[in-house]
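Have a look at the structure below before the remarks.
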Amino acid sequence: MSAEVPALRRGVAILRQLSASNRAVSAGTLVRLLDLPRSTVYDLLGVLEELGMVHRVEAGYVLGPGVHELGASYLRTNPLQNLAAPLVRRLAEETGGTAQLAVLRGWETVYLLKESSSKSLALITAAGVRLPGYLTATGRAIMAHLPKPELLAALQGEAEFVNRTGRGPRTFSQLSAELSLTRRRGYAEEDGEVTPGVLTIAVPVFDVLERPIAAVGVSVATEVDGTAKADGTAKADGTAKATAAEAVETDRAHAAVSAADPYTGAVLSSVQSVRRTAEALTARLR
């Protein structure tokens, strides 16, 4: 029989309760749910907060960045990468772009896999590279499905958002608007914010608890048949693109969009491929 370590068991129990909730949990609620002395719960929360495992917000406690770090470490050594590798490789071949698998570690995107097609792009997203999560499509795809308190905890200390190309969100309010758009249309998009002339589309991968644990993305040059997209097309109306994305499962709708606007058609084709890849990986993880 394994040795009893009550404090460890209770600490893990607290983390599991927070993980099971999509909102902040008060210390009083933890006392009630776990049937533990109030002083014990507060002592454990204090230690967990010091270690970065939980984060205190106005309404109670949420999981802290330390949990994401452990999760990312686990993902690097678990079957996720082995399961994802052939799917990511196929995604690169299907789209003619550069496909990636990434996770969030605190507020940073950490790239685990990168597969390039014959039309390789000069990107910095090699395996192991870290970038601000709010600046990348893969990071936004995950962030869009995090509870707000958990997102705030991950971004703690980021009073001013950095940028690489003069584009991208500068404040939490701007990021929130981008994440809301991401949730509505079902995918994240980053256009020239990491690398000029490169568009990236990303979709989250979910675990059995429906939590976003990773994201699959594909990067393509912002040209179609050698013709650079016009400025107006570059920032196509979000509602129109979202509506088209919902209809993209039908070949007829996709063909109509592609004929009317080759660039948007190429984007929607990438969305299709990335969605299929993310769904396939999610299914394999269950």
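All of the numbers you see were taken from the coordinates with simple rules; none came from a lab. The structure displayed is predicted, hence computed values, not measured ones. Counting neighbours? That spans all protein chains shown, and the Cβs are built from the backbone with ideal geometry, glycine included.
Give the calculated FRET efficiency between ASP207 and GLN17 to the nearest 0.05, with a Förster radius of 22 Å applied to their Cβ-Cβ distance.
Working: r = 17 Å, r/R0 = 0.78.
Given R0 = 22 Å and the Cβ-Cβ separation, E is 0.80.
Which order, highest average first, do 34-47, 179-192, 96-109 follow once you tally other Cβ atoms within 10 Å for each residue and take the mean per peptide? It would help to have the intermediate numbers written out before the result.
Details: 34-47: 14.4, 179-192: 19.1, 96-109: 25.6.
Going from most to least packed, we get 96-109, 179-192, 34-47.
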For each of PHE172, PHE206, count neighbouring Cβ atoms within 10 Å of the residue's Cβ, then give the residues from fewest to most. PHE172, PHE206
Quick calc, ASN82 & VAL5: beta-carbon distance into FRET formula, R0 35 Å, rounding 0.05, result 0.60
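What's the exposure ranking of THR171, THR95, going from fewest to most Cβ atoms within 10 Å?
Values: THR171 12, THR95 22.
Ordered from fewest to most neighbouring Cβ atoms within 10 Å, THR171, THR95 come out as THR171, THR95.
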Where labels lie 7 Å past Cα in the beta-carbon direction, separation of VAL31 and ARG276 in nm: 5.5
Can you sort HIS145, HIS68 from fewest to most other Cβ atoms within 10 Å of each residue's own Cβ? HIS145, HIS68
